[in-house]
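Structure first, commentary second.
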Amino acid sequence: MDCIQSIQKAIDYMEANMLENISYEDAARHLHMSNCHFHRLFSMLTGMTANEYIRSRRLSMAGQELIMSDAKIIDIALKYGYDSPDGFAKAFYRFHGVTPNMAKQPGSDYNMKDDDDFELYLENPAPGCFCEIWIPVEKK
């Protein structure tokens, strides 16, 4: 199995077990790879560690659930592996730039329109930016 297929298999495993108490060691074991080799390979191919991937996906999923459900913040925090609302709130704010309470009270004042969107690849982009994605929206 080549490197990219191995990493995809690891990502598939992590996605299927996202709500379990998993780490990069579990993904490495799933691939029958040493922890060290898996950690280096995942980081090299994705630009982040497997634990960062898991943490980011959980926070992304938690944000979506906060906006789209009536679940309590504490219940979502526990569901996505946080022991306390404070720890969840700090991690959520670092990742999303808003508190869980802020995310829960709106989402946005806009709806996405069913229209064309596009990507713009700039010749001289700002540092850390390689493209812009334009999505049509309308005020609610």
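A few points about this structure:
- Global geometry of the stretch 101-140, whether rounded, prolate or oblate, following the gyration tensor of its Cα atoms and the 1.5 cut on a/c: oblate
- A protection proxy built from the mean count of other Cβ atoms within 10 Å ranks the segments 49-56, 121-128, 110-117, most packed first, as 49-56, 110-117, 121-128.
- Annotation: amide H of Val137 within the under-5 Å range of Lys113, sequence separation 5 or more or interchain, hydrogens built in the peptide plane.
- Amide H contacts for Tyr110 (H built 1.01 Å from N in the peptide plane; partners 5 or more residues away or on another chain; cut-off under 5 Å): Lys140.
- Volume per residue of the C-alpha convex hull in the chain, rounded to whole Å³: 164 Å³
- For the stretch 3-104, the dipole from Cβ point charges (+1 on Lys and Arg, -1 on Asp and Glu) about the Cα centre works out to 240 debye, to the nearest 20.
- Sequence-separation-based contact order of the chain, relative, with Cα cut under 8 Å and 6+ spacing, percent: 15 percent
- Residue-averaged 222 nm ellipticity for the chain, from DSSP H runs of 4+ at -39500 (n - 2.57), nearest 500: -16500 deg cm²/dmol
- Of all accessible heavy-atom area on the chain, the percent that carbon and sulfur account for (1.4 Å): 52 percent
- Arg57 accessible area, assembled protein chains, probe 1.4 Å, Å²: 70 Å²
The values are calculated or read from the model by the stated rules, or taken from the named source; none is laboratory data. Nothing here was measured: the structure is a model prediction, and the numbers come from that model. Here Cβ is always computed from backbone atoms with ideal geometry, including for glycine, and neighbour counts include all displayed protein chains. Please note that ligands, DNA and RNA were not included when accessible areas were found on the heavy atoms of the full protein model with its side chains. Shrake-Rupley method; radii C 1.70, N 1.55, O 1.52, S 1.80 Å.
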